[in-house]
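Student: Have a look at the structure that comes next, please.
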Amino acid sequence: MAKVRTRFAPSPTGYMHVGNLRTALYTYLIAKHAGGDFILRIEDTDQERFVEGALNVIYDTLKATGLKHDEGPDIGGPVGPYVQSQRTDIYLKYAKELIEKGEAYYCFCTKERLDSLRNNSDTYKYDKHCLHLSKEEIEKNLSSGIPYVIRQNNPEVGVTSFNDEIYGNISVDNSELDDMILIKSDGYPTYNFANVIDDHLMGITHVVRGSEYLSSAPKYNRLYEAFGWEIPIYVHCPPIMKDEHNKLSKRNGDASFEDLIEKGYLKEAVLNYIALLGWNPRSEQEIFNLEELVKEFDYRNINKSPAIFDNVKLKWMNGEYIKKLSLEEFNSLALPYYKKVISKDLDFLKISSLLQTRVEVLSEIPDFLDFFEELPEYTEDIYVHKRMKSNLESSLTVLEKILPKFKELSPWTFENIEKCCMDLISEMGVKNGVVLWPVRIGLSGKKSTPGGAFEIADIIGKEESIKRTEIGIEKLKNAQ
Ligand code: GLU
């Protein structure tokens with residue numbers, strides 16, 4: 001069998017849609033699972049959609065996710081150039097070859113004529129008007145510089161079939177095939193033409209792309225057949241939906257890969273999650289690194305049915321990846337988020353050890369932490385906790401008793417703070433909660449915090465702990 005060669009063929013749109021990244025991943029996995037080559041080709045023949053900096057988004061994303069290509073515009077290779085806008089001569093040459101064979105023809109129809117055809121029919125199909133031009137008329141039009149396109153000449157009777165690895169055998173009546181444009185009036189090829197030429201010339205064995213291209217595949221097969229070229233293996237991937245009815249799309253405001261990273265998802269987690277959007281590993285395993293995916297990925301287990309992008313699951317998976325980081329790794333990823341809400345010079349590593357198991361997405365961090373910087377406004381009712389057996393009166397007693405102990409405490413270490421609180425618990429002969437609940441509320445002003453009283457006191461320091469406890473006492477006195 002020939003060496004497997006796949007290509008990722010993005011258009012430079014300026015962002016990496018999650019569906020595109022999944023295509024890139026599956027394309028990479030199919031190649032690498034079989035020990036083959038993964039090629040990057042830039043499909044930039046839609047010059048109207050040119051976006052500055054868009055190439056970098058593609059390179060950066062592939063680099064960040066570890067989907068390393070073996071050939072591409074930046075590294076070269078034996079079948080370049082790998083950028084379609086640099087291959088226009090090639091497409092024109094092959095289009096002319098099809099004209100010679102009677103499989104394509106020049107079309108000089110004006111926009112007005114095409115618009116009126118479109119307006120007069122619900123199911124627009126080009127009416128082959130220019131197929132019937134004489135050789136002389138064509139020559140005359142060409143030499144007088146009348147703008148033209150080149151169209152595929154599809155038969156009007158019969159059936160065209162093709163096979164897709166995921167969707168099976170599909171047959172279409174030729175009467176439904178439009179004579180699609182191969183070369184546009186600006187001289188650039190359409191995607192529909194360029195993809196066939198390039199996939200053949202680049203020796204692509206498996207064409208992997210979104211299912212939106214399924215309906216055009218019969219026309220691609222007709223092109224392969226017209227040239228007498230071998231048809232590649234088609235692997236069309238199911239759509240990714242945001243819910244039952246709507247496709248996930250950047251245009252609908254859904255997150256791109258960059259947006260997800262910006263929101264605090266880890267690239268490894270995103271890659272792992274999207275691997276499962278449409279592929280079934282046939283086991284209970286859900287956490288896969290790239291190496292494991294390469295080993296396990298069998299494209300025959302891609303599903304036909306649409307995949308739903310489940311934010312809750314992505315969050316969960318991200319949390320699992322966060323837990324697996326070393327404390328130092330987590331700390332350095334979390335630091336920019338700490339800096340958003342904390343300007344004081346605190347021991348961030350200690351905060352990280354409290355947060356690492358609680359955070360699912362890095363952007364949640366500021367909400368967990370606001371109280372470290374400044375005691376938030378709170379009302380005394382949060383001192384009351386039935387199960388902790390804490391009420392307003394007991395809370396006041398506890399804070400009044402702990403305050404002088406805090407003032408005396410030296411050095412201010414976690415162990416000493418712990419001992420000081422535990423001593424008070426024995427002195428008072430009460431359950432832990434009676435002391436620990438109000439002390440923590442006094443220090444944080446919040447019912448729920450990462451870490452308990454000792455950790456918080458340790459991190460915010462002696463002076464701040466005393467100040468906050470005094471505020472708590474005032475509040476509780478006023479409330480008695
Ligand atoms: N340039 C196409 C796109 O970005 C790629 C389609 C394909 O993979 O063949 O959607």
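Student: Where does helix 88-101 land angle-wise versus the long Cα axis of the chain, in degrees 0 to 90, nearest 10?
Tutor: Its long axis makes an angle of about 40 degrees.
Student: Let's see if you can work this out: charge +1 on each Lys and Arg Cβ, -1 on each Asp and Glu Cβ, no other charges. What is the dipole magnitude of the chain about its Cα centre, in debye to the nearest 20?
Tutor: So the magnitude is around 680 debye.
Student: Sticking with this structure for a sec: On alpha-carbon atoms, Rg over Rh for the chain using Kirkwood Rh?
Tutor: On the way: Rg = 32.4 Å, Rh = 27.3 Å.
Radius of gyration relative to Kirkwood radius: 1.19.
Student: Okay, moving on. With just the Cα atoms of the range 200-326, tell me how far they stretch along each of the three principal axes, in Å, largest first.
Tutor: 56, 34, 25
Student: Positive end of the charge dipole of the chain (Lys, Arg +1 and Asp, Glu -1 on Cβ, about the Cα centre): tell me which of 208, 369, 40 has its Cα farthest that way.
Tutor: Value: 369.
Student: Work through the residues other than residue 177 whose Cβ is under 10 Å from its Cβ and net out their charges, Lys, Arg +1 and Asp, Glu -1. Don't jump to the answer; show the numbers that get you there.
Tutor: On the way: positive: 125, 219, 222; negative: 156, 173, 176, 178, 179.
Result for the local shell: -2.
Student: On to the next question. By accessible area of protein heavy atoms, probe 1.4 Å, what ranking do 191, 383, 321 get, highest first? Please report the intermediate quantities before stating the final value.
Tutor: Details: 191 50, 383 0, 321 20 Å².
Result of the area sort, largest leading: 191, 321, 383.
Student: Here's another thing I want to ask about it. Taking all pairs of distinct Cα atoms, average 1/r, flip it, and tell me the Kirkwood hydrodynamic radius of the range 329-464 in Å to one decimal place.
Tutor: Details: mean 1/r = 0.0641 Å⁻¹.
15.6 Å is the Kirkwood radius here.
Student: Rank 133, 314, 453 by how far each Cα sits towards the positive end of the charge dipole of the chain (+1 on Lys, Arg Cβ; -1 on Asp, Glu Cβ) and give me just the farthest.
Tutor: With unit charges placed on the Cβ atoms, the residue in question is 453.
Student: Give the accessible area for residue 419 in Å² (nearest 10); use a 1.4 Å probe, count only protein heavy atoms, and leave out ligands, DNA and RNA.
Tutor: 120 Å²
Student: Contact order normalised by length for the range 81-187, with contacts defined as Cα pairs under 8 Å and 6 or more residues apart; what percent is it?
Tutor: The value is 29 percent.
Student: Here's something else I'd like to know. What does the charge count around residue 56 come to, taking other residues whose C-beta lies under 12 Å from its C-beta (Lys +1, Arg +1, Asp -1, Glu -1)?
Tutor: -3
Student: Considering only protein heavy atoms, what per residue accessible area in square angstrom results for the range 99-192 with a 1.4 angstrom probe?
Tutor: Per residue, the range 99-192 has 58 Å² of solvent-accessible surface.
Student: Same structure, new question: Using only Cα atoms, find the angle between the long axis of helix 217-227 and the longest principal axis of the chain, and express it within 0 to 90 degrees, rounded to the nearest 10.
Tutor: 40 degrees
Student: Taking every alpha carbon pair in the range 1-114, what does the distance histogram look like in 10 angstrom bins from 0, in percent?
Tutor: Percent of pairs per bin, in order: 12, 35, 29, 18, 5, 0.
Student: Also, quick follow-up: Based on the Cα atoms of the range 122-212, what semi-axes does the equivalent ellipsoid have, where each is the square root of 5 times one gyration tensor eigenvalue, given in whole Å with the largest first?
Tutor: Working: eigenvalues 169, 71, 24 Å².
Largest first, the range 122-212 gives 29, 19, 11 Å.
Student: Report relative contact order for the chain in percent, whole number only (criteria: Cα-Cα under 8 Å, sequence separation at least 6).
Tutor: Here the relative contact order equals 12 percent.
Student: Among 13, 338, 174, whose Cα projects farthest towards the positive end of the dipole of the chain, with charges put on the beta-carbon of Lys, Arg (+1) and Asp, Glu (-1)?
Tutor: Positive-most Cα among the choices belongs to 338.
Student: Under 4.7 Å Cβ to Cβ, no partner at all: give me those cysteines from the chain, in residue order.
Tutor: So, 109, 237, 420, 421.
Student: Ignoring everything but the protein chains, give the 1.4 Å probe accessible area of residue 474 in square angstrom, nearest 10.
Tutor: Only protein atoms counted, so the area is about 100 Å².
Student: In addition: Treat every Asp and Glu Cβ in the range 50-114 as -1 and every Lys and Arg Cβ as +1, leave all other atoms uncharged, and give the resulting dipole magnitude about the Cα centre to the nearest 20 debye.
Tutor: Result for the range 50-114 is approximately 180 debye, rounded to the nearest 20.
Student: Leaving ligands, DNA and RNA out of it, report the carbon-plus-sulfur percent of the accessible area of the chain at a 1.4 Å probe.
Tutor: In the chain, the share of accessible area belonging to carbon and sulfur is 49 percent.
Student: Quick check on packing: order 426-437, 451-462 by the mean number of other C-beta atoms within 10 Å, highest mean leading.
Tutor: So the order, starting with the most tightly packed, is 451-462, 426-437.
The values are calculated or read from the model by the stated rules, or taken from the named source; none is laboratory data. Keep in mind it's a predicted model, so treat the numbers as computed, not measured. Neighbour counts are summed over all protein chains in view; Cβ atoms, including those assigned to glycine, are modelled from backbone coordinates with ideal geometry. Heads up: the accessible areas ignore ligands, DNA and RNA and are worked out on the full protein's heavy atoms, side chains in. Shrake-Rupley method; radii C 1.70, N 1.55, O 1.52, S 1.80 Å.
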